[in-house]
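Single-structure report; data block below.
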Amino acid sequence: MPRPKLDPRQFAPEIAPLALAELTELVSELGIAPERLCADVGISSADMCAGELISNRQVGRLVRRAIQLTGRTDLGLEVGRRQNISHFGLPGFAMTAMRTFGEAVDIGVRYQGQSGGLMDVSFELNDDLGALIGQPRTSDPVVQTFVVEELYASVMVLIRILLGSGYRPQALEFDYPAPPHAARYAEVFGCPVRFGQPRNRGLFPRHWFALPLASHSPVAAAELRALLEARALSQHTPNTVAAIEHVLQQTGNVAMSVEEVAAALGLSSRTLRRRLSEAGTSFRILSERLRALKAQHMLRDEGLTVAETSEHLGFSDARAFRRAFKRWVGEVPGTMRRNVGV
């Protein structure tokens, strides 16, 4: 029987780390050092604060570890309710500039990938209600509960920002059993909550979607729409190659072995090699291409010596680096250093 293909979205970096950076800060406030939370995840808290993209697999690791280390099963609610408009990135600011609440919801759903969303979100409108539907990207029930809670708690924040504090959903429906902290849902959402439902849905009165926004700006709305669309067009479909390149391009990672990269992505090295073969390449090809680019940057732009560059790239000695560089670039590294400033 053929093995099922891995979903590349599970390990390709595609998620803006806005909510995960907030999770890291919350866990730190609860007494857990960011280094401990991020150990073996393949990204640091500093990377997240710098905007480094994160994969769905890494999201799962961070969430499970955060709950395990803190003993708090309600972290999704806490992260969601701590959000402000900046936590939603450019789409959040664009939502505030729209003419109506309905237009703002359309922006949020259409450009959810740029706001750091941890779920796939869609919207349905019928004669009486609008439904915001959330579909987790994982089968792990612990992570599912976290991402669902984070989504709908952050939606409550957006409602308060866009419409005011007096607005509450008509009801919320969740496809999982009531969690241990279910009593907190009334505090956070202030509306009827139903567990064990077919889908995760937030239900809102239809007339909300025609409500005007006090923060509307036609000029800002047009400019922000254009920026969001330009970003969307520049995004590439995530795949195994992109995932590996992302790991290797992080500071200090260019000399990582295939086993180390596989561990960072939560895969076995055998699986990683097989996926690269299916993509028509190999780890050696990718690694050497990136090391060549890094070597040229160190020699030409940073002014490092051949010995220093060799050490940074993980070579046993400068002689081995010179041979590799000549194979990659077609000239010896000393030539590139002599051409600096010419």
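The values are calculated or read from the model by the stated rules, or taken from the named source; none is laboratory data. Treat the numbers as computed from the prediction; the structure is a model and nothing was measured. We place every Cβ from the backbone using ideal geometry, glycine too, and count neighbours over all the protein chains shown. We work out accessible area using only protein heavy atoms, side chains counted, and drop any ligands, DNA or RNA first. Shrake-Rupley method; radii C 1.70, N 1.55, O 1.52, S 1.80 Å.
Can you tell me which residue is nearest to Val261 (Cα to Cα) among those in the stretch 21-66 that are touching a strand residue (DSSP E or B) at 6+ places or on another chain (Cβ under 9 Å) and part of a helix (DSSP H, G or I)?
Gln58
When you scan the stretch 142-162, how many residues do you find that are of a type outside the set (A, V, I, L, M, F, W, C), in contact with a Pro (Cβ under 9 Å, 6 or more places away or on another chain) and open to solvent by 10 Å² or more (accessible area, probe 1.4 Å)?
Of the residues in the stretch 142-162, 2 are of a type outside the set (A, V, I, L, M, F, W, C), in contact with a Pro (Cβ under 9 Å, 6 or more places away or on another chain) and open to solvent by 10 Å² or more (accessible area, probe 1.4 Å).
Quick one: how many residues across the stretch 29-55 are of a type in the set (A, V, I, L, M), within 15 Å of Ala243 (Cα to Cα), under 12 Å from the mean Cα position of the chain (by Cα) and open to solvent by less than 40 Å² (accessible area, probe 1.4 Å)?
2
Exactly one of (1) free of Cβ contacts under 8 Å to residues at least 40 places away in the same chain; (2) surrounded by 19 or more Cβ atoms within 10 Å (Cβ to Cβ) is unmet by Gly202. Its number?
(1)
In this structure, does Leu62 turn out to be open to solvent by 40 Å² or more (accessible area, probe 1.4 Å) and among the aliphatic types (A, V, I, L, M)?
Taking the combined requirement at face value, the residue does not satisfy it.
Ser86 versus (1) open to solvent by less than 30 Å² (accessible area, probe 1.4 Å); (2) at pLDDT below 95; (3) not hydrophobic (A, V, I, L, M, F, W, C): which is the lone unmet condition?
(1)
Which number in (1) part of a loop (DSSP other than H, G, I, E, B); (2) more than 21 Å from Phe189 (Cα to Cα) marks the one condition that Gln83 misses?
With (1) part of a loop (DSSP other than H, G, I, E, B); (2) more than 21 Å from Phe189 (Cα to Cα) applied to Gln83, the lone miss is (2).
Filter the stretch 145-170 for residues that are more than 10 Å from Gln83 (Cα to Cα) and not aliphatic (A, V, I, L, M) and give the result.
Residues satisfying the conditions are Thr145, Phe146, Glu149, Tyr152, Arg160, Gly164, Ser165, Gly166, Tyr167, Arg168, Pro169, Gln170.
How about the stretch 294-317: which of its residues are part of a helix (DSSP H, G or I) and surrounded by 16 or more Cβ atoms within 10 Å (Cβ to Cβ)?
Lys294, Ala295, Gln296, Met298, Leu299, Val306, Thr309, Ser310, Glu311, His312 - these are the residues of the stretch 294-317 that are part of a helix (DSSP H, G or I) and surrounded by 16 or more Cβ atoms within 10 Å (Cβ to Cβ).
Can you tell which of Leu233, Leu265, Leu213, Leu227 is closer than 30 Å to Gly130 by Cα, modelled with pLDDT under 80 and not aromatic (Phe, Trp, Tyr)?
Leu233
Inspect the stretch 224-243 for any residue being among the β-branched types (Val, Ile, Thr) and under 23 Å from Leu118 (Cβ atoms) and give the result as yes or no.
There is at least one residue in the stretch 224-243 that is among the β-branched types (Val, Ile, Thr) and under 23 Å from Leu118 (Cβ atoms).
Have a look at Arg337, Arg323, Arg273 and point out the one that is modelled with pLDDT under 85 and not hydroxyl-bearing (Ser, Thr, Tyr).
The unique qualifying residue is Arg337.
Could you grab me the full set of residues in the stretch 118-166 that are without any contact (Cβ under 8 Å) to a residue 40 or more places away in the chain and out of contact with any helix residue (DSSP H, G or I) (no Cβ under 6 Å at 6 or more places or on another chain)?
Asp120, Ser122, Glu124, Ser139, Pro141, Gln144, Ile159, Arg160, Gly164, Ser165, Gly166
Within the stretch 246-290, track down each residue that is in a helix (DSSP H, G or I), touching a residue at least 12 places away in the same chain (Cβ under 8 Å) and of a type in the set (Ser, Thr, Tyr).
Residues satisfying the conditions are Thr271, Ser287.
Name the pairs: first residue in the stretch 181-196 and closer than 14 Å to Arg81 by Cβ, second residue open to solvent by 50 Å² or more (accessible area, probe 1.4 Å), Cβ to Cβ under 6 Å, at least 6 apart or on different chains?
That search, which allows pairs on different chains as well, returns His181/Thr73; Val188/Arg81; Gly190/Arg168.
Output the number of residues of the stretch 134-181 satisfying the condition of being outside any loop (DSSP other than H, G, I, E, B), in contact with a Gly (Cβ under 8 Å, 6 or more places away or on another chain) and of a type in the set (Val, Ile, Thr).
6
When the stretch 240-274 is examined, which residues are found to be hydrophobic (A, V, I, L, M, F, W, C) and open to solvent by 20 Å² or more (accessible area, probe 1.4 Å)?
Correct list: Val241, Ala242, Ala255, Met256, Ala263, Leu267.
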